[in-house]
Structure formats: structure tokens, C-alpha cells
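Down below is the structure, laid out as C-alpha cells.
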Amino acid sequence: MTRIKLTIAYVGAGYCGWQTQAAAHNGATGERPSVQSAVMRAVERVLGAKVHVHGAGRTDSGVHADAQIAHFDVPDAKAGLDWQLALNTLLPHDIRIAGAQIAAPDFHAQHDALRKTYLYRLWLDRRYTPPQWFPFVWACGPLDEQSMEDAARHLCGRHDFAALRNAGTSVAGSVRTVAAIVREASADWPLLRIWRFEADGFLKQMARNMMGLLVGAGQGRIAVDDVPRILTACDRRHRGTTAPAKGLTLHKVWYAEDLEAGAFYAERERAGRGGTPRSQGTPTWHKPQP
């Protein structure tokens, strides 16, 4: 058998998230639409056999992805297929295979992941959002961005993030290391802000809760000096609003080869020069204090 590694981009609006799950809907039982199940069905059509596609991690209902990573095993005779073309031919338009390659036999999309980067997009006007951005931003209105940056410093580093974890997860530990938080402006869209969250792992809805907390600080509803107390208390009741799912995108999953090849630092350097062409401006990085 040969292991195939996929890089998958998707618009999450029509799905219950990445992971396949069975649930009752309007009194009927059955499988709710998920990205994982759509990809598995496409792979099974190509192979003519059942297969399990393993993802790097869950994304919530409505959350998007630039580069979800997944793997599955195929008979050696099928390894040479153009998997990107074959699967994109079968998948719905809002799920695309950005890349497909043969991986090491022991590669595991979830267990080998070392770090993840999420992007959250805010729109700083409640009255009007451009239609092309509406499905992908939280129109939260004007914000005190200095207060948000001050609050972000308290989130960086190694902490118990139980206060920023929503119920419904089976993960035992809640300690994570947030490597950096960056705010990027856009030269083309002055009201757009992109917040980049980088950590060794994220709890259930942790990225959305971090964004909600920072927006709360920017709206004056959460005092910057209260952020350490909120984390220490491990009490979800004081952390503010969970940001809407539609503003969040899984941007990248990092593996050992990314770090060894310097891609991780190159990504940071690009962000330091203003990010992608769509996201020009001077970002502000917040790193853990030594």
C-alpha cells in the first residue's frame, strides 16, 4: 500500500466541519454533511473500495481551510494516479484539492503535526460589508486596536487555555503554547483586519474564543488587565463572545520537514514584510515573553 498526502482547501459554510459525524436533523437520522465524508466518497469512487481519510484535525462547522492536510492509503497500482485532478473532478466546487503527493509510509496527518496557523478576518464596519467578503469576515465594527494588541500579549506563551475551550471535547489536557499572534492590515481593503494565531495546538473553538476575547477588549467590554485573570480562573463564563465561525480559516499545518526546510521562518518573514499580496501592511507580532 502507498500513502497519499492531500492538501485541501474548502469553504466551510455548507458543512458541519471537517469530521464526519452522525446526528439527527429535523427528526431524521443520518450523516450530516462534512468535508471528510465528501473527500472519502470521492476517493472511494476512484478506488472502488472503502477507505478512511485521516485529517490533521477538526475544524468547526462553518470554518474554512486554505490547507487542511489529510492522508489515506491506496494499492500501489493506484499510487501514480493524478489524485488532484481525479478528486477535483468528483468533489463539490467548495472543496478543492490544492495538492496531492506520495508520503512516507508512516506519515500521519494528525499525529505528525507540530504547529497550526489560523487566520481570523474582521471587518470594521457593521453598516456595509462587500459581498465578496461577507462569507469570510465578522463585521464587528470599529475597535480599539491598541487594547487588542495589549490583550494579545497576555495570550502568548504557554498557558492553560481551559477558559477559552468550549464544551464538547474529549481532549484531556488544556495547556497549549501560543507561539505568536499577528495583526495585519490591508492596503486594498482599509476596513479589513487579519489576525494570525499560531500555536502547537488548539482546543475546541479556542481560536474563535481568543478572537472573541480580543474583540471584547477592542470594544471596551473586557479590560486588558483582566485577561491573565480570565486565563488563570479557567472559567468559560468570563472570556467573552465566541467569534463567528465564518471569519476563521485553517491557514497552514506545520510538519517537521517545514521547520527543517526553513519554510516556517520564511512564512513569518513574509508576514513581517506585509503578508500575502491581498494582505499588505505592517503586521504586529506578539511573541511569548522570555
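Taking the listed residues Arg208, Arg176, Arg193, the one that is under 21 Å from Pro130 (Cα atoms), in contact with an Asp or Glu (Cβ under 8 Å, 6 or more places away or on another chain) and either in the same structural domain as Leu143 (by TED's automatic domain parsing) or buried (at least 24 other Cβ atoms within 10 Å of the Cβ) (or both) is Arg193, with no other qualifying.
The set of residues in segment 91-149 that are assigned to a loop (DSSP other than H, G, I, E, B), buried (at least 17 other Cβ atoms within 10 Å of the Cβ) and among the polar types (S, T, N, Q) contains only Thr129. Exactly one residue out of Ala152, Ala163 is assigned by TED's automatic domain parsing to the domain that holds Thr129, part of a helix (DSSP H, G or I), modelled with pLDDT of 95 or more and surrounded by 20 or more Cβ atoms within 10 Å (Cβ to Cβ): that is Ala152. Among the residues of segment 179-195, are any free of Cβ contacts under 8 Å to residues at least 40 places away in the same chain and either in a loop (DSSP other than H, G, I, E, B) or in contact with a Cys (Cβ under 9 Å, 6 or more places away or on another chain) (or both)? Checked against the condition, which is being free of Cβ contacts under 8 Å to residues at least 40 places away in the same chain and either in a loop (DSSP other than H, G, I, E, B) or in contact with a Cys (Cβ under 9 Å, 6 or more places away or on another chain) (or both), segment 179-195 yields at least one hit. Checking each residue in segment 80-112 for being farther than 20 Å from Thr2 by Cα and either small (Gly, Ala, Ser) or over 24 Å from the mean Cα position of the chain (by Cα) (or both) picks out Thr89, Leu90.
For Asp66, state whether it is surrounded by fewer than 15 Cβ atoms within 10 Å (Cβ to Cβ) and in contact with a strand residue (DSSP E or B) (Cβ under 6 Å, 6 or more places away or on another chain). No; evaluated as a whole, the condition is false for this residue. Applying the condition of being assigned to a loop (DSSP other than H, G, I, E, B) and either touching a residue at least 12 places away in the same chain (Cβ under 8 Å) or in contact with an Asp or Glu (Cβ under 7 Å, 6 or more places away or on another chain) (or both) to segment 211-229 and asking which residue is surrounded by the most Cβ atoms within 10 Å (Cβ to Cβ) yields Ile222. Is it the case that some residue within segment 244-257 is assigned to a loop (DSSP other than H, G, I, E, B), surrounded by fewer than 18 Cβ atoms within 10 Å (Cβ to Cβ) and modelled with pLDDT of 65 or more? Looking through segment 244-257, at least one residue is assigned to a loop (DSSP other than H, G, I, E, B), surrounded by fewer than 18 Cβ atoms within 10 Å (Cβ to Cβ) and modelled with pLDDT of 65 or more.
Of all residues in segment 8-18, those satisfying the criterion of being crowded, with 20+ Cβ neighbours inside 10 Å and in a strand (DSSP E or B) are Ile8, Tyr10. Across segment 170-191, the number of residues qualifying as within 18 Å of the chain's Cα centre (by Cα) and closer than 30 Å to Gly141 by Cβ comes to 8.
The values are calculated or read from the model by the stated rules, or taken from the named source; none is laboratory data. Keep in mind the model is a prediction, meaning the values are calculated, not measured. As a convention, Cβ positions derive from the backbone with ideal geometry for all residues, glycine included, and neighbour counts pool all protein chains shown.
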